[in-house]
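Asks: For reference, the structure I am asking about is given below.
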Amino acid sequence: MIELKQLSKRYQMGSVTVTALHEISLEIGEGEFVVVLGPSGSGKSTLLNMISALDTPTAGQVIIRGHDITRANRQQKFSFRRDTISFIFQTFNLFPSLTALENVQFAVDMKGNGARPDSAMQVLQAVGLGERANHFPHELSGGEQQRVAIARALATGNPILLADEPTGELDFQTGVQILQLLESQAHSGKTVLVVTHNREISRIADRVIELSSGQIVSDGAPQEGKAPIAELHW
Amino acid sequence: MNLGFWLRWSWRDLKARWLQVVAIALIIALGTGVFAGLGGQETWRVESLDQSYERLNHYDLQVDFADGTYVDEDTLSAALSAIEGLNDAEPRLVAATLVDASTDKEDILVSGRVVGVDVTEGGPYVDEIHIEAGDGRSFTSEDAGQRVVVVEKKFADYYDLQPGDSIRVSGDVSLDYVGTGTFAEYFQIIPEDGTFSGEASLAILFMPLDTLQDLTGHTGLVNDVVITVQDGASRAAVATAVEETLAATFPEVGFEVTMPEDDPVHHILYSDARNDQDTWNLIGALFLIGASFGAFNLAGRMVESQRRQIGIGMALGVPRGWLAFRPLLVGAQIAILGTIMGLVIGWGLSLLFANLFKTLLPLPYWGTSLYLPGYIRAALLGLALPLVATMIPVWRAVRVQPIDAIKSGHLVAKGGGLSWLLNYLPIPGRSFTQMPFRNILRSPWRTLLTVLGIAMAILLMTAFIGFMDSFIATLDQGEEAYLYQGRDRLLVQLDTFYPQGSERVTDIVQMTDQSGERMFGETEPALVLGGKLSQGTESIDTLLELHDMQNPIWVPRLIDGELRGDMPGIVISEKAAEDLGVKVGDSITLEHPLREGEMAFRLVETEIPLVGIHDNPIRGLSYMDMAGAAAMGLGDMTNMVVVTPDNGSDATSIKRALLVQPGVASVQAIGEFADALEEALEIFVAILAIIQGIVLLMAFLIAFNSTSINVDERSREFATMFAFGLPLRTVTRMQVVENLLIGILGTALGVVLGWLALNYLLVQRVEDQLEDFKFIITLSPDTLAISVALGVLVVALTPLLSIRKMSRMDIPSTLRVME
């Protein structure tokens, strides 16, 4: 599903060259629930940006479902994002002038795939916000806003779900609810990639890729062993 | 923390938003520039007029004798010389003529007026002739009795005539054109019907008095005198003495003693300067208001974007004064930049207007157009405006609780504003379609300020072009009133009154061309007289025409009443009826000349029934049936023959033929009305072009800034859309739709306010300067189209300028931005 080959990303900061990613190679299969773990500055968000074609690598290839997106033009990258991936952001990034339902509907409209008019509502109900459908983002709590963001991502029906620190702005209890939602998506066959600096969260993943200074330092099952969400503490 | 630190920080703020800052400064500059540049126009123009009249030793009193009246020059001079307080009196002879100034390039055959002035002692000394270097010479005492002529400058400039060119007048008299000059009474050329500038169709010539007397057969006679009073003497007292003296000396003659203020040219020039200033003040104020909305909107949004930082400062314990200092510094820098640019724009604008007026009004003296108090006032406003605009949001920002200011997404989390309204106004289409509507409703205050800014620009455009539309519509109606019947007729004015069956008249009526064919199809002897209409305390000047209403080439078209040859009565204009407060069936008082002798007329008042209202918007035009001529002592007399061309003759060939015909004073094709119209519109078109350019720039800047700030404020929203794969064109389309809606709102409001301003402008002008017209207040479809193009299209398309910025957006970084 996702294949990275010798992927590097370097930034020029004045006279200094900063290496965000250094020759990363990995493969992620369909339906995998992967956590990318690492401290701030380890390159995990850059990795996410490369996979989502939001950023261009300095070297290497990003191959998604057999297509090398590093060679795609801008139009193709827009299409790729629209049809293949869905985003969940740490700061939610909901559209403030749209209600919760309309934010979700936005994703449905964007796809333009003839989804039923009530599909947005169904997705919103699935994340437990059917009752809050007509509220604006500012009328929702942080957890509710993030659930709307997840609903929006799910409404696209895209096979890859990318989440950048999805619990970063949330309290523990709310964070757990969000993780449950993400886990359920992996179980339903989507490839879920979660970026976090929280080692505890990584325990729910099938696979944990740990980054440090732009390089993979470990790749495998959680070191402390996989744990059900109910046993997490942070 | 020192001042340098805050200055550095504010400089960084400016640098980060330099384009928006320059745009705000430019908006302020346009507002203050227009205000400064137009603010001192009255002072400058009035001073120039005062100086010009003084330099040409303009008369204090003028004696205007009744039409057709001539008095003996020596008797007149002797009578006036005995009046105490009178300084100088110069008798003149004013005669109508036909002027042939044709050149190799074009035929120039126009009506003219010759002013005979006393040059025997090197004069004239009252109302001197001003001749600029390179324009030939004025008269000398040696010119007395010579056929020399000085041509009025506006006419000469219009046809590019130079001293030495050929000038011929009625009687086929060739004159030696020695100079091109300006004369105080003809700073502007106003035809007898009092309509508008007419240098294209009316030539004013100055000639030695005795020469003109000789040419017109009025040896020793004059019909006009200009007088100056001694320093310290009472003008009113001298005027009374002149009236008494003339009444005693010429008891059978009608006359009127007038002052410079009664001269239409003098009146129009001064009232123009005053009324124009009112208009400029209104335009300047509207520009400033527009700039204020723009500045409030934009400065407010800049402060809003710093609000979280202000909150962090509050949390760190920085005093509020220091927190407010940073955005206020930005405001101050915008103010200084805007004011400096504004003063430069104002300076340029005042020079532009000065040059325009100097071209259109060749006064002998023009003062400086830079009016310092206006600039100081504009500079103070320019400085205050952005500071106040910044102060209000700063005051709001530092008053909130630190925790509220710090809250992430404080900009976006403020809710939906009025977007809940869309629940009641469901808009079909996808969420993309709805989003522009929601964005507009989400920030109603912000939307309102943007809409008002655009509306102000459209208001100016609509009002100004609407003024022009109304002017044109009014003149079009006048033209239509003249031309609806007998479109090709010519008015042949005679040099005095002749019996209809006299040789002079029959020679004209039966005139033939070189092949012996008659030149005229129809002919109609008529009369044209100056007079005065009055009712109660109201009175207005009128130009009265008497036609044979039963057998006419043309009769006035009536909107009320009935023309009947068997029923004596007068037909007046709708405006005259309104101003006099009369209606058909009422009686009004007509002051008119009554013939007492061959060349003597007395002014008498006659009560006369009002039988009709005509459709010409020019107030002073009145008509009667020729049957009424007997009551004026003019039965079977004529001083104007109306003719229509026949057998291949046209206006030019007729004029050329009539030039050699004795007794012909002037010939005017009725279609020449349009030439004068074009001339009158010249100044409006020139000013309009300047205002249009400024308005266009201001509307564009407001729209551009608004869009540019929108892009900044919504960058995270746009980044999210891009992250979800929404194409740039869709995002741009959404912005275009949003701007389109704002443009429509702004334009609609601007057009409505423009209509109100137009009414105000015209009503204000009609009360004073344009009292001689019945104005049709209108907005043409073209004006509306221009307003829509400006307000809707320009504003809607402005987001296209942000495409590059959005296409180069760093999406990952923007997604993480916390404002």
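No lab work stands behind these numbers, since they all come straight from the coordinates. Fair warning: this is a prediction, and the values are worked out from it, not measured in the lab. Glycine also receives a Cβ, built like all others from the backbone with ideal geometry; neighbour counts cover every protein chain displayed.
Asks: Given an 8 Å cut-off on Cα distances and at least 6 residues of separation, report the relative contact order of chain A as a percent. Kindly include the intermediate steps, with their values, before the conclusion.
Replies: On the way: 463 pairs, mean separation 63.9, N = 234.
Value for chain A: 27 percent.
Asks: Would you tell me the mean number of C-beta atoms belonging to other protein chains that fall within 10 Å of each C-beta in B:725-732, as a whole number? Walk me through the intermediate numbers first.
Replies: Numbers: counts 18, 7, 6, 3, 1, 2, 0, 0.
That works out to 5 on average.
Asks: Take the Cβ-Cβ distance between residue B:480 and residue B:365 as r, set R0 to 45 Å, and report the resulting FRET efficiency rounded to the nearest 0.05. If you can, show how the numbers build up before the last one.
Replies: Numbers: r = 41 Å, r/R0 = 0.91.
About 0.65, to the nearest 0.05.
Asks: So for each of B:464-471, B:125-132 I average, over its residues, the number of other beta carbons within 10 Å; can you give me the resulting order with the highest mean first? Spell out each step's value before the answer.
Replies: Numbers: B:464-471: 22.1, B:125-132: 19.5.
Ranked from most to least packed, the peptides come out as B:464-471, B:125-132.
Asks: Could you give the spread of the C-alpha atoms of the protein assembly as shown along their three principal axes, from largest to smallest, in whole angstroms?
Replies: 131, 62, 55
Asks: Now for a separate question. Only counting other Cβ atoms within 10 Å, I'd like B:479, B:545, B:121 sorted with the fewest neighbours first. Intermediate values should be presented prior to the final figure.
Replies: Working: B:479 18, B:545 21, B:121 9.
Listing B:479, B:545, B:121 from fewest to most nearby Cβ atoms yields B:121, B:479, B:545.
Asks: Would you mind calculating the gained length between residue B:800 and residue B:541 on full extension (0.36 nm times residue separation, minus the Cα-Cα distance), in nm to one decimal?
Replies: On the way: separation 259, 0.36 × 259 = 93.24 nm, distance 5.87 nm.
So the chain would gain 87.4 nm between residue B:800 and residue B:541.
Asks: Count the net charge of all other residues whose Cβ sits under 15 Å from the Cβ of residue B:43, scoring Lys and Arg as +1 and Asp and Glu as -1.
Replies: Details: positive: B:45, B:274, B:377; negative: B:42, B:47, B:50, B:272, B:276, B:278.
It works out to a net charge of -3.
Asks: Still on this structure: Which of A:16, A:35, A:148 moves most in a GNM of chain A, Cα contacts under 10 Å?
Replies: Greatest mean-square fluctuation among the candidates belongs to A:16.
Asks: Can you compute the modelled spin-label distance between residue A:187 and residue B:782, with each label point 7 Å from Cα toward Cβ, in nm?
Replies: 7.5 nm
Asks: As a test of the formula, what do you get for chain A when each DSSP H run with n ≥ 4 contributes -39,500 (n - 2.57) and the sum is divided by the residue count, at 222 nm and rounded to the nearest 500 deg cm²/dmol? Numbers along the way, then the final one.
Replies: Details: 6 runs with 69 residues, N = 234.
Counting only the DSSP helices, I get -9000 deg cm²/dmol.
Asks: I'd like the mean, over residues of A:78-84, of how many other protein chain beta carbons sit within 10 Å of each residue's own Cβ.
Replies: Working: counts 8, 2, 1, 6, 4, 1, 1.
Neighbouring Cβ atoms belonging to other protein chains average 3 per residue here.
Asks: Give me the distance between the Cα centres of segment B:352-396 and segment B:787-817, rounded to whole Å.
Replies: Cα centres, segment B:352-396 to segment B:787-817: 33 Å.
Asks: Which of the helices in chain B meet the span-like rule: DSSP H, Cα axial reach of 27 Å or more, Kyte-Doolittle mean at least 1.0?
Replies: On the way: long enough: B:18-39 (30 Å, 2.03); B:264-305 (59 Å, 0.20); B:320-360 (57 Å, 1.32); B:372-399 (40 Å, 1.19); B:444-483 (54 Å, 1.03); B:673-713 (58 Å, 1.42); B:728-767 (56 Å, 1.04).
Result, helices passing both filters: B:18-39, B:320-360, B:372-399, B:444-483, B:673-713, B:728-767.
Asks: Under a plain spin-label model, where a point goes 7 Å from the Cα along Cα-to-Cβ, how far apart in nm are residue B:562 and residue B:487?
Replies: 3.1 nm
Asks: Sort segment A:127-176 into rounded, prolate or oblate with this rule: let a ≥ b ≥ c be the square roots of the eigenvalues of the Cα gyration tensor; rounded if a/c is under 1.5, and if a/c is not under 1.5, prolate when a/b is larger than b/c, oblate otherwise. Walk me through the numbers on the way to the answer.
Replies: On the way: a/c = 2.06, a/b = 1.11, b/c = 1.85.
Judged from the Cα gyration tensor, segment A:127-176 comes out oblate (a/c at least 1.5, b/c at or above a/b).
Asks: Sticking with this one: Apply the Karplus parameterisation 6.51 cos²θ - 1.76 cosθ + 1.60, with θ equal to phi minus 60°, to every residue of segment B:485-499 and state each ³J(HN,Hα) to the nearest whole Hz, in sequence, with x for glycine and proline.
Replies: Once rounded to whole Hz, the list reads 9, x, 4, 9, 6, 10, 9, 9, 8, 9, 6, 7, 8, 10, x.
Asks: Just tell me how shielded A:96-107 is by partners: mean number of partner chain Cβ atoms within 10 Å of each residue's Cβ, no decimals.
Replies: On the way: counts 16, 18, 9, 7, 0, 1, 6, 2, 1, 3, 9, 4.
Mean inter-chain Cβ contacts per residue within 10 Å come to 6.
Asks: Another question about this same structure. Taking the Cα centroid of segment B:65-107 and of segment B:33-64, what is the distance between the two, rounded to the nearest whole Å?
Replies: Here the answer is 26 Å between Cα centres.
Asks: What percentages make up the Cα-Cα pair-distance distribution of chain B when the bins are 10 Å wide from 0?
Replies: Reading upward from the zero bin: 2, 11, 18, 19, 15, 11, 9, 8, 5, 1, 0.
Asks: Can you give the helix-only mean residue ellipticity at 222 nm for chain B, where every DSSP H stretch with n ≥ 4 adds -39500 (n - 2.57) and the sum goes over all residues, rounded to the nearest 500 deg cm²/dmol? Mind dumping the intermediate values first?
Replies: Details: 23 runs with 398 residues, N = 819.
The per-residue figure over chain B is -16500 deg cm²/dmol.
Asks: Would you work out the relative contact order for segment B:485-675, in percent, from Cα pairs under 8 angstrom that are 6 or more residues apart?
Replies: Working: 416 pairs, mean separation 70.0, N = 191.
Reported as a whole number, the value is 37 percent.
Asks: Now, a different point. Classify segment B:152-279: rounded, prolate or oblate, from the alpha-carbon gyration tensor (a ≥ b ≥ c, eigenvalue square roots; a/c under 1.5 rounded; otherwise prolate if a/b is larger than b/c)?
Replies: Oblate is the answer for segment B:152-279, as a/c is 1.5 or above yet b/c matches or exceeds a/b.
Asks: Which whole-number percent gives the relative contact order of chain B, counting Cα pairs below 8 Å spaced six or more residues apart? Can you show the working numbers first?
Replies: Values: 1624 pairs, mean separation 155.4, N = 819.
Averaging sequence separation for qualifying contacts and normalising by length gives 19 percent for chain B.
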